[in-house]
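Visitor: Starting off with a structure, shown below.
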Amino acid sequence: PLNGPYLTRCMDPTASGTFVLPPPDRSHRRYNPLTQEWVIVSPTRLQRPWSGAIEKVSGDQSSKSANSGDTCKENPLAPGATRPGGIVNPNYTSTYTFKNDFPALSPRLGESVDDETVKADITRGAHPLFAWAPATGECQVMCFHPRPDLTLALMTEEDIVKVILEWQRITRDCVERGFQWVQIFENRGEIMGCSNPHPHCQVWASDFLPSLVIRRELSQRDYFSRSAGKVLLLDYLEQELQFMARCKESGAQTHRIVAMNEEWVCLVPWWAVWPFETMLLPRRPQIYRLDDLQPHEVSSLAALLSQVLTCYDNLFKTSCPYSFGWYQTPLQSSKPEEKCYWQLHGLFLPPLLRSATVKKFMVGYELLAEAQRDLTPEKAAEMLRNAAGVHYLKAGNL
């Protein structure tokens, strides 16, 4: 599933073919032979309603936001609300998951991923410099809680457990339905392009492995092969824990661990790109997907999520914006040799740099050449650790 005959064909400069445009009303992927990556094109995505941030036009002194005024009262994700497509939400009391009304991926043309029309599209003879393939799958939205003001950082651990259990259910469902990959992610805050302030995440289940996922798959497989069977992320975690122990012995604060418990560790990666980027890692080996977690590991993950998100909010004295997502093993990797080099991990990618109003911009050199950061990962971890404690919004109630 990593490359497949289609990608091999695309990279063959001697392959014959013609310039064929994809259907204008269906999502598809276009291949970039310069970077060897794919890009998803979703023509119908622009039809979705927007309740997020709106940039000001130069010279416009007004502060425009789709969340200002009466728009705040019209929340299509609220229990009992009517969504833009006319569907009425149930009066849910916990998590609530539904198909995205404006999906980025096109639905399968049949019940099976092996639908003949899809296969015909994938094997269509296109010129190798203009290669494309269908982008089929299913997009869902998952509301964390009926309350629109209750972020993960403010939720009880019991409610966070319910969120994790729903992530597990979604993962199992995607495996059973034959999807290759499921990307569970949350964009938190207007600054991250969140289209609705109601705390929620998205689920994109696809019939292909995305480009960045392929890169992680190959890196972990290669490390496993070169290191006589060591799992990259578990080996890395062990090194970080040993470094933390040495730092504590010497009284240094230069280790990169932010928070930990018996089952989980949150750290700022050695290679972190964003100023306060963190990684979540389970400590037990052979945890490939979220549905591999045992009940006690779910509970400890909920506790760590609450702790880490409180650190973020306390550090900036705001509901910290971020993108967050899970990396699980490819869903159809069922044989031991297909997943033994993987370890489940999550990433928090907050954009803030110096304060709640100053963000890191990935522009210029970062976009064109290589990522660059100012704050060291060690300093970022220390600042997050020092922000631990009671959430600043709850401190006044003690």
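The numbers here are math on the coordinates, done by the rules we state, and not lab data. A quick note: this is a predicted structure, and the numbers were derived from the prediction, not measured. Ideal geometry is used to build each Cβ from the backbone, glycine not excepted, and the neighbour counts take in all protein chains shown.
Visitor: Going by how many other Cβ atoms sit within 10 Å of their own, how do ARG188, ARG169 line up, fewest first?
Guide: Placing the least packed residue first, the sequence is ARG169, ARG188.
Visitor: Let me ask something else. With a cut-off of 15 Å, note down the residues of region 335-361 whose backbone N falls inside the zone around a label point 7 Å from the Cα of ASP374 toward its beta carbon.
Guide: 351-361
Visitor: Let me ask something else. Using modelled backbone amide H atoms (1.01 Å from N, in-plane), which distant-in-sequence or interchain residues come within less than 5 Å of PHE144's amide H?
Guide: Amide H to amide H, under 5 Å and 5 or more residues apart or across chains, PHE144 pairs with HIS200, CYS201.
Visitor: Could you give P(r) for region 74-206, binned at 5 Å from zero, as whole percent values over all Cα-Cα pairs?
Guide: Distribution as computed: 2, 9, 17, 19, 18, 13, 9, 6, 4, 2, 0 percent.
Visitor: Can you give the FRET efficiency for ARG216 and LEU129, using 1/(1 + (r/R0)^6), R0 = 25 Å, r = Cβ-Cβ distance, to the nearest 0.05?
Guide: Given R0 = 25 Å and the Cβ-Cβ separation, E is 0.40.
Visitor: Suppose the chain between ARG284 and PHE243 were pulled fully straight at 0.36 nm per residue; how much longer would it get relative to their current alpha carbon spacing?
Guide: The ARG284-PHE243 span can extend by a further 12.9 nm.
Visitor: Within region 211-396, count lysine pairs with alpha carbon atoms under 20 angstrom apart where the residues are 8 or more positions apart or belong to different chains.
Guide: Taking region 211-396 as the scope, the lysine pair count is 9.
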